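Each remark here refers to the structure printed beneath this line.
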Amino acid sequence: MHELSIAIEIIETSIKIATSNQASTIKEIEIDVGAISGVDYDALCVALDSAKLNSMAENANIKINKIFAKALCENCKKQFEIKEFEYFCPFCFSLNIDIITGKELKIKHIIIE
Amino acid sequence: MCDSCGCSNEHYSIINFDQTKNNQIISHILYENMHLHHEEKRIEVEQDVLYKNNLIAQKNRGYFDAKNVITFNIVGSPGSGKTSILESFVNKYKDIKKIYVIEGDQHSNLDAERLKKYGINVIQINTGTGCHLNAQMIYDAIKELKPDDNSLIFIENVGNLVCPSLFDLGENYRILVLSITEGEDKPLKYPYMFQSSHLCIINKIDLLPYLEIDVSLLRDNINKVNHHLDIIEISCKKDINIDLLIKWIENKIVK
């Protein structure tokens, strides 16, 4: 359910940037969503469709990049992908890991006209 | 031909009307070999979606820090015992330190009424259809609350094991309340909340004889998701281990 507040935030931020650049419409919004960012991809898509209605972003093409969750083991220094919330190194089973990617939740760029 | 795009539009003119003088033409500029383009422009944003909330949260954090106020964000499912735990704690600790409570619920001020009985300052926030508290709500609440220096603030979030995990309120510590009736699989099903918390209270431990729950499996599952999380087993109804919670909170105050 929090996806809607996030979608509104995305649209509002984009509109703010577009109007400060004297644009009349937003043609594209690209966002990064990490696999462990806490945001559900499908719910966000639905929420964005409602959030952009009756705004200058109404016809904007929204690109969502899914970012895989990757971590580095502090113990054996190997990189791996985190799957199914298993926060340990699959090589040496150490719990001492550093998350490198997967927590992203950001607006990359917008295309305005 | 247009110099910029090569289209066949030979002349492009801009006519300025003076609207105050019956639309009299004040200038007529004729551009040859060019016209205005409505060009697409790409703007690199690279901005965190939660940037606005995080900024206000840091503002709150700075305020708390300056006044040496320690804040705790209490999260958990509806009915897990968040308010009951607060009641047990406030009852035992209200004479030692000044305590304030910010209550978050979708509707009603039932929780605020429960806590006001202990003679402390309570503010109720109703989120309406909202499923979580955000930093702006806390910012507004502390303006009204005006907490004393060296006090404690407890923020009881909306009962929800999903949404509040993403929204930083500017708190120092996040306490997750989970009751044993919810089942041992909850950490695996709602990992974000377990990852973002500092303490997990396993509540209603007095019901253990009546339930088929494996607490050691529950602890294992919590450790799988976040092995930094402190765990305390509590029953506020039967007053079991409340002193352990007080010790944990005192530890954080001294720091």
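The values are calculated or read from the model by the stated rules, or taken from the named source; none is laboratory data. Keep in mind it's a predicted model, so treat the numbers as computed, not measured. Cβ atoms come from the backbone with ideal geometry, glycine included; neighbour counts cover every protein chain shown. The protein model used for the area step is the full one, side chains on, heavy atoms only, and it has no ligands, DNA or RNA in it. Shrake-Rupley method; radii C 1.70, N 1.55, O 1.52, S 1.80 Å.
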Note to self: Out of everything in region A:24-47 that is open to solvent by 20 Å² or more (accessible area, probe 1.4 Å) and outside any helix (DSSP H, G or I), what residue ends up being nearest to the other protein chains (Cβ to nearest Cβ)?
What the structure shows: A:LYS27
Checklist line | Complete set of residues in region B:134-160 that are in a loop (DSSP other than H, G, I, E, B) and crowded, with 22+ Cβ neighbours inside 10 Å | finding: B:ASN134, B:ASN157
Notebook entry, point to check: Given the conditions (1) open to solvent by 60 Å² or more (accessible area, probe 1.4 Å); (2) more than 14 Å from chain A (Cβ to nearest Cβ); (3) under 14 Å from the mean Cα position of the chain (by Cα), which single one is not true for B:ASN109?
Noted result: (3)
Item checked: One residue from A:SER5, A:SER20 being facing chain B (nearest Cβ under 10 Å), polar (S, T, N, Q), open to solvent by less than 70 Å² (accessible area, probe 1.4 Å) and without any contact (Cβ under 8 Å) to a residue 24 or more places away in the chain -> A:SER5
Margin query: Scan region B:219-231 and tell me whether some residue there is away from chain A (no Cβ under 14 Å) and surrounded by 19 or more Cβ atoms within 10 Å (Cβ to Cβ).
Written below: no
Next item on the list: Taking A:SER55 as the residue in question, decide whether it is among the polar types (S, T, N, Q) and not in a loop (DSSP other than H, G, I, E, B).
Entry: no
Next item on the list: Look at A:SER14 and say whether it is among the hydroxyl-bearing types (Ser, Thr, Tyr) and assigned to a loop (DSSP other than H, G, I, E, B).
Entry: no
Check: Considering only region B:112-133, how many residues are within 25 Å of B:CYS163 (Cα to Cα), open to solvent by less than 70 Å² (accessible area, probe 1.4 Å) and either of a type in the set (A, V, I, L, M) or at pLDDT below 95 (or both)?
Finding: 11
Note to self: I need a count of the residues in region B:61-81 that are touching a strand residue (DSSP E or B) at 6+ places or on another chain (Cβ under 9 Å) and either crowded, with 21+ Cβ neighbours inside 10 Å or over 14 Å from B:MET137 (Cα atoms) (or both).
What the structure shows: 14
Item checked: Residue pairs meeting the criteria (Cβ under 7 Å; at least 6 apart or on separate chains; first closer than 21 Å to B:ILE70 by Cβ, in region B:234-255; second of a type in the set (Lys, Arg)) -> B:ILE242/B:LYS92; B:ILE246/B:LYS92
Next item on the list: Considering only region B:39-116, give the strands (runs of 3 or more DSSP E) lying wholly within it that have at least 1 residues that are touching a residue at least 12 places away in the same chain (Cβ under 8 Å).
Entry: B:70-76, B:99-105
Next item on the list: Read through the list (1) assigned to a helix (DSSP H, G or I); (2) in contact (Cβ under 8 Å) with a residue 24 or more places away in the chain, then give the number of the only condition that B:ASN223 fails.
Entry: (2)
Note to self: Could you tell me how many of the residues in region A:74-84 are touching a residue at least 24 places away in the same chain (Cβ under 8 Å) and either away from chain B (no Cβ under 14 Å) or open to solvent by 50 Å² or more (accessible area, probe 1.4 Å) (or both)?
What the structure shows: 1
